[in-house]
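Below: one structure, written as structure tokens.
The values are calculated or read from the model by the stated rules, or taken from the named source; none is laboratory data. Nothing here was measured: the structure is a model prediction, and the numbers come from that model. A quick note on method: Cβ atoms are made from the backbone with ideal geometry, for glycine too, and the neighbour counts reach across all protein chains shown.
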Amino acid sequence: MKKVTVEELLEKAKKPAKLAIPYHKFYEGKMQVMPKCAIRTFYDFAIWYTPGVAAPCREINKDPEKSFEYTNRWNYVAVVSDGTRVLGLGDIGPEAAMPVMEGKALLFKYLGGVDAFPLCIKTKDPDEIITFLKWIEPSFGGINLEDIEKPKCFYVLEKAREELEIPVWHDDQQGTATVVLAGLINALKIVGKKMDEVKIAIVGVGSANTRTAIVLEKAGAKLKNMVMVDSRGILHPGRKDLEAKKDKEPYKWKFCLETNAEGKTGGIPEAMEGADVLIAMSKPGPGVIKKEWVAKMADDAIVFACANPIPEIWPWEAKEAGARIVATGRSDFPNQINNSLGFPGIFRGVLDVKARTITDEMCVAAAKELAKFAEERGVHEEDIVPRMDEWEVYPREAVACALESIRQGVARVKPSREELWERAVSIIKAAREATHLLMKQGLIRPPPPEEEILTTHSP
């Protein structure tokens, strides 16, 4: 792996942020609404609107499930955030969260053919958020929760999954867990270790790692073989601070009781000693994870250092310390653990069967398909997961999730594998080709050169 200086990496990391403001200003946002029905003459509005539209309204009134047939509800997803934990920026409010939610909607459409709408809401109350989700349910086929602070995000997700009849997903939890599992499946194959035997050190017990631990267990990992570390140290039954908050943060207390069979205490170095796998999602580095700690891991260690914009340890430092496989959250290093590999295909699948929920088992099914796709085209120590530009992975992931929805009895319709594949490919290709056509025709304007836009559209 080529070594680069910290200054070079930081300069490269700063460039997207430098261009983001003038680009966003130039386009005045990233998403728009376009018709999907034919408009041949103005007479067609008599069909699409009044008086003709009354006929499907009456049919839906008799059977609300027909809203999935007569409207685009089957392909609508709400991207909902209260703006309390936006990227690494923290509680910046719903208005400031909008660029992120628009970006999420853009990825939904381009990668999964999903019509997603950013909905940033002015409440921080978890029960009000759930009420809002119930209010908008009739208009959507699914809901993507985004950038909601913990522990509120756990409560909102679980309560909404219980009370709504459409899939509710929290990408910071389930999306991250899906892609981590996919990467770990292939990493373990490369090093010749088994999921149910490896010792896993988990650094950071936020929303991402909490759901990652749950999904890893669903995939065969043993909770007793995991050692989890929060900002105050290793989780174990003696953590009186967490016992006192067990009603507010039940998952953390559950992990205190069910992980760490060896009874380790201390902090990150103690958790990592002898571990086969490190999954870190804590705070930006470098230096959060030290080389000497990696050196004390097991042979052929696997290190996922996923903090952004700078991982907890530089990949080359982890390699020098003895790690065999290193993954990060960055696109400019090998093995990017990227949520965008997950949610577009997963939602494509559950929408295509009009599923009533998204389960952790569907995350496992998606992760296995991601890992299988990468394995079939070839994996090695610096290439363990698919890349975003390998678009064929998304319909495959969609089919895997759709079939798991059918298997679990939460699908409203049950197409065949072939029908699901053809539908997903058609929808995803159409979304990509429509974008390229709009660009070719000049209906999406090309941005000015970087030097020009930095001077003419900066704040």
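Observations on the structure shown:
- Matching residues, the stretch 417-429, being surrounded by 13 or more Cβ atoms within 10 Å (Cβ to Cβ) and either over 24 Å from the mean Cα position of the chain (by Cα) or not charged (D, E, K, R) (or both): GLU419, LEU420, TRP421, GLU422, ALA424, VAL425, ILE427, ILE428
- Residue count for the stretch 39-97, restricted to those that are assigned to a strand (DSSP E or B), out of contact with any strand residue (DSSP E or B) (no Cβ under 7 Å at 6 or more places or on another chain) and crowded, with 19+ Cβ neighbours inside 10 Å: 1
- Cβ separations smaller than 9 Å between residues 6+ apart or across chains give the following pairs from the stretch 11-37 residues that are free of Cβ contacts under 8 Å to residues at least 24 places away in the same chain and surrounded by fewer than 12 Cβ atoms within 10 Å (Cβ to Cβ) to residues that are among the aromatic types (Phe, Trp, Tyr) and not in a helix (DSSP H, G or I): VAL33/PHE117.
- Number of the condition not met by VAL77 [criteria: (1) touching a Gly at 6+ places or on another chain (Cβ under 8 Å); (2) at pLDDT below 90]: (2)
- For the stretch 179-190, the criterion of being at pLDDT 95 or above, touching a strand residue (DSSP E or B) at 6+ places or on another chain (Cβ under 8 Å) and surrounded by fewer than 23 Cβ atoms within 10 Å (Cβ to Cβ) is satisfied by at least one residue.
- Within the stretch 260-277, the set of residues being hydrophobic (A, V, I, L, M, F, W, C) and over 21 Å from LEU188 (Cα atoms) comprises ALA261, ILE268.
- Failed item in (1) at pLDDT below 95; (2) not assigned by TED's automatic domain parsing to the domain that holds VAL326, with TYR251 passing the rest: (2)
- Residue satisfying all of: in the stretch 289-309; basic (Lys, Arg) and touching a residue at least 24 places away in the same chain (Cβ under 8 Å); nearest to LYS189 (Cα to Cα) among these: LYS296
- Sole exception among (1) more than 19 Å from the chain's Cα centre (by Cα); (2) within 25 Å of LYS36 (Cα to Cα) for ALA411, by number: (2)
- Matching helices (runs of 4 or more DSSP H) fully within the stretch 377-459 where at least 3 residues are assigned by TED's automatic domain parsing to the domain that holds PHE304, farther than 27 Å from ASP360 by Cβ and aliphatic (A, V, I, L, M): 417-440
- Whenever a residue of the stretch 106-133 is more than 15 Å from TRP74 (Cβ to Cβ), its partners that are of a type in the set (Lys, Arg) and assigned to a loop (DSSP other than H, G, I, E, B), lying with C-beta atoms within less than 8 angstrom and at least six residues away or across chains, give the pairs LEU106/LYS30.
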